[in-house]
1. What ranking do A:R261, A:R31 get, fewest neighbouring Cβ atoms within 10 angstrom at the top?
2. Cross-link partners among aspartates and glutamates for A:K26, C-alpha distance below 14 Å, same-chain residues fewer than 8 apart left out?
3. Over the Cα atoms, compute the radius of gyration (one decimal) and Dmax (the largest Cα-Cα distance, rounded to a whole number) for the stretch A:2-254, in Å.
4. How many angstrom separate the Cα center of the stretch A:406-481 from the Cα center of the stretch A:299-320?
5. Using Cα pairs closer than 8 Å and at least 6 residues apart in sequence, work out the relative contact order for the stretch A:2-254, in percent.
6. Averaged over B:15-23, how many beta carbons belonging to a partner chain fall within 10 Å of each residue's beta carbon?
7. Between 0 and 90 degrees, rounded to the nearest ten: what's the tilt of helix B:21-38 against the longest Cα principal axis of chain B?
8. Under 19 Å from the Cα of A:K376, which lysines turn up, not counting those fewer than eight places away in the same chain?
Amino acid sequence: MMHKLSITELSKGLKNKDFSSVELTKHYLDRIAVSELNSYITVTDELALSQAKDADLKIAKGKGTILTGIPYAHKDIFCTKGVKTSAGSKMLDSFISPYDATITEKFNNENMVMLGKTNMDEFAMGSSNENSYYGPVKNPWDQKRVPGGSSGGSAAAVAARIAPFATGTDTGGSIRQPASLCGITGIKPTYGRISRYGMIAYASSLDQAGPLTQTAEDAAIVLNSMSGFDDKDSTSATKETPDYTKNLGNSIKGLKIGLPREFFSEGLESDVEKVIMQSISEFEAMGAEVHEVSLPNSAYAIPTYYIVAPCECSSNLSRFDGVRYGYRCDDPKDLNDLYLRSRSEGFGDEVKRRIMIGTYALSAGYYDAYYLKAQKVRHLISEDFKKAFKSVDVIMGPVSPTTAFEIGTVKDSVSMYLADIYTLSANLAGLPGMSIPAGFSNNLPVGLQLIGNHWSEETLLNVAHQFQLQTNWHSQLPVEP
Amino acid sequence: MSLDNKQVKEIAYLAKLSVDDSQLEQSTEELNNILNLMEELGEIETGDIEPMAHPLHMSQRLREDEVSEGDLSKEFQKIAPKTGKSHFLVPTVIE
């Protein structure tokens, strides 16, 4: 039953010698071996066991941190030295990273145990994990359904407790939306809080890493480890990192919650809305005040994001040319053929679509109409939040307009994009956002979104933790097959 | 604005991607659907609003141009599809 324990509980167990890290790791590897969710692309069993051994030695000496010996699942977008790092793409199917991402290095320094690399939408482009070269991931609450994306493998693994926690990245909702659809906790911190070094780039002004966990307390513990300035990332923030666990116990009496009326518009499933409003009432009962706020430009987050992100991706993904690493086509007849076929055969459809949109929007004659326009609207969206945060401490609303949908049922890109409506604006404005389990609709989890002002992760985690002390949605588990 | 098949081929070429003729019609339609969604931005007046390139309005941090890591060329060559002595190999460009 070790897999039902949170990080805090596991850490205590390790310290008290209730079990060793090797035993714990074996337990998870056994669970992974029988799982049918397709949530891992690579299981690193040998590495995990040797890391667990090292951790046990450290713990025996009375050394280590709260995370020493704790297993985790790493999204396959983070470079891991000597281990395949695919980003869910055929392009990188044979890529063995020659170096570690800063996050990987930080985790290694704490003697944590990497169980494997998790499945994801190719290059983090997608909201359902259906765009993976390695096939879709199944939602543990209903295996016919998607887990959300792009960190779908990470979310499914934590929800099914085949990892105590996992890493993710969030460019337009890729931590929060799968956390919501799988009934777990996920936080995307402020842009610049966690190093992007060694995190394969999709859209560099939006990409931000974060943890997917069972509880807000666990998220705070992992965020402590992941955060901080990194010289190797030129957009890394120099701002000091607080101890995110310190204020978890604070009372939220008098907390001002803002409900943006635009987040409760048409398209939001009524059962999802009901769950969200019930959790808001719960906060009121805990002494919080609820205010209506307006984010008038939030509907434009979709076109803005789907210009900015593809533009950045078309530039970032130009590095995949079949020359220095990654996939190369067979028998190229000349250099141009090498580029064209390596890229066309190596990338999946959605990635190609976004590269094309980005290339077009950045091309001569269209730059002003698309990219520049989108950057201006991005500014307006950011200003909306600035105004709202003058009167409230935290903004709340749904993460996704629906619960998890069935695999294969959303066929066109535009319909898929529209479902990102509530998550995109936090990325555009660089704000921290969180999803916490808030209830169920037809036996499928519904997540409540918390958005805070820049650098207010402590507030979000405190608010989420207080909610989890009053509710038990976060401790409900899917039925195991 | 709406793209035709010829433009889609041109964009693909710029992006160093190829679009199969059998898929061209469908690709054009998909891209046009996405571009239609973008047109919504035309509704907003954005005259003298400052474009936002960085979510925290920060400027690029610079560092001294110093060697921070040693020569890793062997490590990097190991993962390349085709290499020569100290270089990456591509099909002949100049005869």
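1. Numbers: A:R261 13, A:R31 18.
Least crowded to most crowded, the residues run A:R261, A:R31.
2. Once the sequence-local aspartates and glutamates are set aside, what remains near A:K26 is A:D45, A:E46, A:D56.
3. 16.7, 54
4. First find each Cα centre; the distance between them is then 23 Å.
5. Numbers: 610 pairs, mean separation 44.0, N = 253.
For the stretch A:2-254, the relative contact order is 17 percent.
6. Working: counts 16, 14, 12, 8, 3, 1, 0, 0, 1.
Across the residues of B:15-23, the mean count of other-chain Cβ atoms within 10 Å is 6.
7. Between helix and principal axis, roughly 70 degrees.
8. A:K386, A:K387
All of the numbers you see were taken from the coordinates with simple rules; none came from a lab. All values derive from a computational prediction rather than experimental measurement. As a convention, Cβ positions derive from the backbone with ideal geometry for all residues, glycine included, and neighbour counts pool all protein chains shown.
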